[in-house]
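For reference, the structure discussed in these notes is given below.
The values are calculated or read from the model by the stated rules, or taken from the named source; none is laboratory data. Quick caveat: nothing in here was measured; it's all calculated off a predicted structure. Note that each Cβ is placed from the backbone with ideal geometry, even for glycine, and that neighbours are counted across all protein chains shown. For accessibility, only protein heavy atoms count, side chains too; no ligands or nucleic acids. Shrake-Rupley method; radii C 1.70, N 1.55, O 1.52, S 1.80 Å.
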Amino acid sequence: MNYVCRGFPVWLRDIPGIEFRTNNAPFKEEMKRFVSKVVNLMREERLFSWQGGPIILLQIENEYGNIENSYGKGGKEYMKWAAKMALSLGAGVPWVMCRQQDAPYDIIDTCNAYYCDGFKPNSHNKPTMWTENWDGWYTQWGERLPHRPVEDLAFAVARFFQRGGSFQNYYMYFGGTNFGRTAGGPLQITSYDYDAPIDEYGLLREPKWGHLKDLHAALKLCEPALVATDSPTYIKLGPKQEAHVYQANVHLEGLNLSMFESSSICSAFLANIDEWKEATVTFRGQRYTIPPWSVSVLPDCRNTVFNTAKVRAQTSVKLVESYLPTVSNIFPAPQLRHQNDFYYISKSWMTTKEPLNIWSKSSFTVEGIWEHLNVTKDQSDYLWYSTRVYVSDSDILFWEENDVHPKLTIDGVRDILRVFINGQLIGNVVGHWIKVVQTLQFLPGYNDLTLLTQTVGLQNYGAFLEKDGAGIRGKIKITGFENGDIDLSKSLWTYQVGLQGEFLKFYSEENENSEWVELTPDAIPSTFTWYKQTYFDVPGGIDPVALDFKSMGKGQAWVNGQHIGRYWTRVSPKSGCQQVCDYRGAYNSDKCSTNCGKPTQTLYHVPRSWLKATNNLLVILEETGGNPFEISVKLHSSRIICAQVSESNYPPLQKLVNADLIGEEVSANNMIPELHLHCQQGHTISSVAFASFGTPGGSCQNFSRGNCHAPSSMSIVSEACQGKRSCSIKISDSAFGVDPCPGVVKTLSVEARCTSPLSDDFFQEAVSSF
């Protein structure tokens with residue numbers, strides 16, 4: 001089911017007298033019933049921390065402070081009621097309200113933003129909490145893809161803890177998929193990848209994931225000082241440079257203090273908030289160079305173990321590779337077409353047309369225009385409206401003599417409107433409550449005027465959600481007739497919810513619709529057409545699977561009866577993307593965009609749990625016209641991994657954390673920088689494409705040797721890494737048996753390839769069959 005807002009089902013709108021998120025009795029009754037149900041369920045399952053479970057916090061409402069004033073006095077009263085109601089449930093853990101500066105005393109107000117280092121709760125008795133750290137942003141159809149650089153994300157987190165923060169949560173840490181019709185609105189895409197550290201397919205997004213792992217390891221080393229000090233000491237180091245020092249002379253039982261030389265524990269954060277220039281500062285008698293827009297972390301107030309701008313985590317290059325089917329009795333070689341190095345499944349497709357008008361006895365006729373959701377109850381994206389318009393011979397003559405055309409005008413439409421005259425599509429409109437003016441072409445006599453409104457995700461944020469609705473709003477009329485405008489707002493309209501194929505479940509494996517016919521490759525793409533393809537298979541292994549729909553237009557798709565979501569090849573603007581993303585300076589969702597001039601989304605995740613080894617059923621509803629013969633199966637994997645670490649880098653953080661946890665002294669050997677590589681699950685390092693210890697240049701997939709190079713680089717790295725899922729190499733002369741350039745700070749750059757033995761065997765078998 002789609003939701004009007006988080007947790008708000010569409011049927012909630014139908015309760016008499018209800019108004020959402022204000023001092024309204026029907027809404028508060030449903031709100032309390034729902035929240036009580038959730039809290040009681042968590043308690044029954046023993047999921048609260050005091051029961052030994054993982055839940056340490058609960059949240060009531062969501063960013064209500066942004067819209068509270070829209071409701072006047074009722075908003076304030078509702079907020080207080082919601083807080084009191086939540087506390088009355090006896091959950092036994094704290095409740096928070098995000099972006100709620102007037103949260104009551106017993107509720108913790110928290111920050112949701114890209115940066116929260118300047119946030120303070122409304123009472124000094126409350127902890128400073130960051131409940132949503134936005135590490136990416138939402139994406140809409142026809143828009144660019146936003147990305148937040150990890151250097152800036154790490155900077156924001158370090159600044160938060162530097163300035164007294166106590167709790168931080170990423171939104172999102174794990175991306176996902178809006179399967180079915182669950183995408184929000186307006187016009188949000190099926191993917192909910194969000195540029196998260198773990199992507200939509202469950203793969204690590206490197207270096208974002210690895211750099212944040214290092215950041216939190218550094219923060220862990222600061223834990224004794226952070227928890228022993230109520231607030232840090234501020235020290236100005238320069239015009240845009242500052243230090244915050246956490247220091248205490250007490251020993252906290254249960255905390256290991258092996259990093260500290262005495263019972264005095266001390267951790268410091270050195271920040272350079274200059275957006276352009278690095279700075280060298282003096283702190284406690286030592287000199288520290290800090291890159292622009294970065295924070296250095298000193299767990300012992302002396303040694304830097306991490307800087308937010310210096311990324312030493314590996315880079316993983318995501319590859320989306322075409323899968324070449326191999327089962328010859330299912331896909332004989334002549335039925336596979338090869339073009340531009342892509343293999344398309346072209347076994348015969350079946351097709352059937354969707355009626356472009358009222359199609360069932362469940363339709364009804366009433367006077368006037370009804371709001372879309374009031375009719376559909378969100379059981380479908382689609383709602384048909386049909387009426388008849390009479391055109392006289394004198395109207396035709398009037399138009400010809402005056403060289404004018406009749407026009408359909410509608411005050412407001414969201415999200416999509418399609419206009420049909422006598423079964424022919426004559427216009428499309430996409431937008432959020434936009435005015436429509438559509439030229440019409442009528443025949444003499446009675447004409448069928450049919451409108452199709454479509455939702456593409458329901459409104460999921462803001463005030464007065466129950467009033468937002470969908471479809472058509474305001475007056476609808478036809479202008480340009482000889483005797484004046486025709487007001488259709490009070491005409492008789494026949495309504496039909498949904499599509500015939502939806503009602504008959506064309507997407508089901510059990511469907512036996514007798515009207516399917518074979519689709520020929522030279523068929524002209526047509527609107528509102530169903531396609532069915534059976535017997536496609538997927539490779540073994542565990543690499544995530546996607547379907548590539550770049551040859552299609554707009555519609556929905558099902559695999560083995562499972563709704564994988566809406567698809568749309570709507571193209572993003574050609575401008576607004578940056579070739580190089582500069583992490584420096586405050587981030588916004590337009591700052592580091594990609595994918596300009598291309599469809600916003602072409603790949604659609606199909607969970608392997610929904611797939612069979614062979615004989616999978618793919619059913620597509622195509623609305624605007626596309627070519628199903630060029631749909632292909634793709635595999636996602638991080639095949640190429642790179643890393644670059646120099647002798648001047650910080651020591652390996654995980655070894656410092658491990659030593660600290662068990663109370664060991666950190667050996668000199670453990671302070672030597674290391675380069676780490678790892679493949680995704682089920683893959684191993686099969687080859688090393690580049691390795692150079694010395695002064696290599698370039699970047700991942702474009703490394704080059706410098707004037708200084710250790711001849712043993714390739715053999716040392718290959719021996720350490722090849723055939724393993726992960727490996728590490730110390731960055732030292734002794735590791736490579738020679739100092740290739742004395743007196744020069746050396747760097748190790750490596751590019752390697754990860755492969756899955758099962759997938760490689762499968763691909764080799766496929767290639768050999770052709």
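Within segment 568-619, restricting attention to residues that are hydroxyl-bearing (Ser, Thr, Tyr), farther than 22 Å from Thr308 by Cα and outside any loop (DSSP other than H, G, I, E, B), which residue is least open to solvent (accessible area, probe 1.4 Å)?
Within segment 568-619, the match that is least open to solvent (accessible area, probe 1.4 Å) is Tyr604.
Taking the conditions exactly as written (at pLDDT 95 or above and on the phi > 0 side of the Ramachandran plot), does Gly118 satisfy them or not? Taking the combined requirement at face value, the residue does not satisfy it. Only one entry in Ser726, Ser713 is open to solvent by 30 Å² or more (accessible area, probe 1.4 Å), touching a strand residue (DSSP E or B) at 6+ places or on another chain (Cβ under 8 Å) and not aromatic (Phe, Trp, Tyr), namely Ser726. Among the residues making up segment 229-241, those that are buried (at least 18 other Cβ atoms within 10 Å of the Cβ) and at pLDDT 95 or above are Pro232, Leu237, Gln241. Of all the numbered requirements in (1) modelled with pLDDT under 95; (2) touching a Cys at 6+ places or on another chain (Cβ under 9 Å), Gln247 misses one, and that requirement is (1). Out of the residues in segment 370-402 that are within 28 Å of Arg181 (Cβ to Cβ) and of a type in the set (A, V, I, L, M, F, W, C), state the one that is farthest from the chain's Cα centre (by Cα). My answer is Trp370.
Scanning segment 188-201 for residues that are closer than 18 Å to Leu677 by Cα and assigned to a loop (DSSP other than H, G, I, E, B) returns a single hit, Pro197.
The combined condition, being surrounded by fewer than 17 Cβ atoms within 10 Å (Cβ to Cβ) and of a type outside the set (Gly, Ala, Ser), is not fulfilled by Asn460.
Close contacts from segment 164-175, counting a first residue that is more than 22 Å from Asp195 (Cβ to Cβ) and a second that is modelled with pLDDT of 95 or more and open to solvent by less than 60 Å² (accessible area, probe 1.4 Å), with Cβ to Cβ under 6 Å and a gap of 6+ residues or different chains, come to Gly164/Thr128; Gly165/Thr128; Ser166/Pro127; Ser166/Thr128; Phe167/Met129. The set of residues from segment 488-503 being among the small types (Gly, Ala, Ser) and either closer than 18 Å to Tyr531 by Cα or touching a Lys or Arg at 6+ places or on another chain (Cβ under 6 Å) (or both) comprises Ser489, Gly498, Gly501. Listed by position, the strands (runs of 3 or more DSSP E) inside segment 464-559 whose residues that are in contact with a strand residue (DSSP E or B) (Cβ under 8 Å, 6 or more places away or on another chain) and open to solvent by less than 10 Å² (accessible area, probe 1.4 Å) number at least 1 are 471-479, 492-497, 529-536, 545-548, 554-559. Against the criterion of being assigned by the TED database to the domain that holds Gly694, of a type outside the set (D, E, K, R) and assigned to a strand (DSSP E or B), Gln644 qualifies.
For Asp537, indicate whether it is farther than 30 Å from Val389 by Cβ, among the acidic types (Asp, Glu), out of contact with any helix residue (DSSP H, G or I) (no Cβ under 9 Å at 6 or more places or on another chain) and without any contact (Cβ under 8 Å) to a residue 40 or more places away in the chain. The answer is no for Asp537.
Pairing residues of segment 266-281 that are within 30 Å of Asn249 (Cβ to Cβ) and touching a residue at least 40 places away in the same chain (Cβ under 8 Å) with residues that are part of a strand (DSSP E or B) and open to solvent by 60 Å² or more (accessible area, probe 1.4 Å), at Cβ distances under 6 Å and at least 6 apart in sequence or on separate chains, gives Cys266/Gln247. Could you say whether any residue in segment 402-418 is outside any loop (DSSP other than H, G, I, E, B), free of Cβ contacts under 8 Å to residues at least 40 places away in the same chain and either open to solvent by 80 Å² or more (accessible area, probe 1.4 Å) or among the polar types (S, T, N, Q) (or both)? Looking through segment 402-418, at least one residue is outside any loop (DSSP other than H, G, I, E, B), free of Cβ contacts under 8 Å to residues at least 40 places away in the same chain and either open to solvent by 80 Å² or more (accessible area, probe 1.4 Å) or among the polar types (S, T, N, Q) (or both). Residue-level analysis places Asn670 outside the set of residues that are assigned to a loop (DSSP other than H, G, I, E, B), on the phi < 0 side of the Ramachandran plot, open to solvent by 30 Å² or more (accessible area, probe 1.4 Å) and in contact (Cβ under 8 Å) with a residue 12 or more places away in the chain.
None of Gln168, Gln188 is within 30 Å of Tyr234 (Cβ to Cβ) and buried (at least 19 other Cβ atoms within 10 Å of the Cβ) except Gln168. Where strands (runs of 3 or more DSSP E) sit wholly within segment 29-146, those with at least 1 residues that are touching a residue at least 40 places away in the same chain (Cβ under 8 Å) and open to solvent by less than 20 Å² (accessible area, probe 1.4 Å) occupy 108-113, 129-134. Filtering segment 355-369 to residues that are at pLDDT 95 or above and either buried (at least 17 other Cβ atoms within 10 Å of the Cβ) or acidic (Asp, Glu) (or both) leaves Glu367, Ile369. Would you check if Asn307 is modelled with pLDDT of 90 or more and open to solvent by 40 Å² or more (accessible area, probe 1.4 Å)? Judged against the criteria, Asn307 is not a match.
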